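Before any comments, here is the structure.
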Amino acid sequence: MLGFEDSHLGKIRQLVGSQLLLVPGARIVIEDPDGKILLQKRSDLDVWGLPGGNAEPGEDLVSVVKREVFEETGLTITEAKPFGFGCNPDIETVQFPNGDQCQFFVLNFFTKSFSGNLRMLDGESLALEWYPRNELPDMLPNMKASVLAYAKFCSNGNFQMI
């Protein structure tokens, strides 16, 4: 488990400061047998979102989402299926409290296949909770758009451009 300073993004930040970076990554909707989805209250922005994160050199996006889910939730993903791609700069551009700016390009996955016990392992989560899709708390706009796109994917089976 890398600290931010040791991550690829952390090393780039040391070179370029807070200017806008284009960042590839993955996020996932994890659905339990009751149809609830797992949300993570993020420590960096103090708001709810989906598990996921940024790619490290040499990683494919399935590996990214599996690694990030384990680090953030303690769960092991046994299957991750893509349902959409997030690239709308209006919602995928985020400014963090320290001034860093990122525009994310994110492959969205879903799974109902996981094991393990929920636990926060890396300090990126303040809380982990299961929510019904129709009773979501306040969320990051890009993460909420992912959940809404997942619902649309479930209803029509079409890959979603978010």
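Every read-out reported here was derived from the displayed coordinates using simple, explicitly stated rules and does not represent laboratory data. Keep in mind it's a predicted model, so treat the numbers as computed, not measured. Cβ: placed from backbone, ideal geometry, glycine included. Neighbour counts: every protein chain shown.
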Going through the range 89-117 in order, the residues found to be loosely packed, with under 15 Cβ neighbours inside 10 Å and either without any contact (Cβ under 8 Å) to a residue 60 or more places away in the chain or touching a His at 6+ places or on another chain (Cβ under 6 Å) (or both) are Pro89, Asp90, Gln95, Phe96, Pro97, Ser113, Ser115, Gly116, Asn117
### Task
Within the range 136-147, identify whether any single residue is farther than 28 Å from Leu15 by Cα, assigned to a helix (DSSP H, G or I) and touching a helix residue (DSSP H, G or I) at 6+ places or on another chain (Cβ under 8 Å), and answer yes or no.
yes
Item checked: Boolean, Leu126 is touching an Asp or Glu at 6+ places or on another chain (Cβ under 6 Å) and either closer than 30 Å to Glu5 by Cα or not in a helix (DSSP H, G or I) (or both) -> no
Only unsatisfied item for Ala145, checking (1) in contact with a strand residue (DSSP E or B) (Cβ under 6 Å, 6 or more places away or on another chain); (2) surrounded by 14 or more Cβ atoms within 10 Å (Cβ to Cβ), is (1)
Per the filter on the range 21-39, residues surrounded by fewer than 13 Cβ atoms within 10 Å (Cβ to Cβ) and either in contact with a helix residue (DSSP H, G or I) (Cβ under 9 Å, 6 or more places away or on another chain) or under 20 Å from Phe105 (Cα atoms) (or both) are Leu22
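So that you can scan it fast, the table gives a plain yes or no per residue for (1) among the hydrophobic types (A, V, I, L, M, F, W, C); (2) without any contact (Cβ under 8 Å) to a residue 12 or more places away in the chain:
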residue: Gly86; (1), (2): no, no
residue: Asp122; (1), (2): no, no
residue: Trp130; (1), (2): yes, no
residue: Glu135; (1), (2): no, yes
Counting only strands (runs of 3 or more DSSP E) wholly inside the range 2-77, the ones holding at least 2 residues that are in contact with a Gly (Cβ under 8 Å, 6 or more places away or on another chain), farther than 17 Å from Gln103 by Cα and in contact (Cβ under 8 Å) with a residue 12 or more places away in the chain are 36-42
